[in-house]
Amino acid sequence: MSVFGRGSSVPTGAVNSERMEMAIQELDMVTDIFNRLVSQVTCHAKCISTRYTEGDLNKGESVCIDRCVAKFFEANKKVGERLQNVSASASGATGAFGL
């Protein structure tokens, strides 16, 4: 089944609006992560010289970028897990009091 509703009970030519909205949100998240990685305050600024002398990254820049992106995603994962735990414990506490 595709994002655009093929293979479902949606008539041919129609687009499932809920799936389309989910696809748009996912694209927005991916775009946001990409923009944060290449912004001037993260990996690009840290690892790549502003004096572009070569068409390709040199070995040092490549290694720096690899490590920086790995750390970025690891931190992003840990923050996401922590937020899920806090959210779960908050909803569990609320549910225990019947609110």
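What follows is calculated from the coordinates using simple rules that are stated; it is not laboratory data. Just so it is clear, the model here is predicted, and its values are computed rather than measured. Because the Cβ atoms are built from the backbone with ideal geometry, glycine has one as well, and the counts that use them run over all protein chains shown.
When the charge dipole of segment 47-96 is built from unit charges on Cβ atoms (+1 for Lys and Arg, -1 for Asp and Glu) and taken about the Cα centre, the candidate among A88, N58, N76 whose Cα reaches farthest toward its positive end is A88. Per-residue Karplus couplings for segment 69-78, computed as 6.51 cos²θ - 1.76 cosθ + 1.60 with θ equal to phi - 60°, are listed in order as 5, 4, 5, 4, 5, 5, 5, 4, 5, 5 Hz, Gly and Pro entered as x. Cross-link partners of K78 among aspartates and glutamates, defined as those whose alpha carbon lies under 20 angstrom from its own and excluding same-chain residues fewer than eight positions apart: E26, D32, D66.
If R0 is taken as 30 Å, the Cβ-Cβ distance between V38 and A88 corresponds to a FRET efficiency of 0.35.
Once the chain from N76 to C64 is taken as fully extended at 0.36 nm per residue, the excess over their C-alpha distance is 2.5 nm. Simple spin-label model, 7 Å along Cα-to-Cβ: T31 to A45 in nm? The two pseudo-label positions are separated by 2.3 nm.
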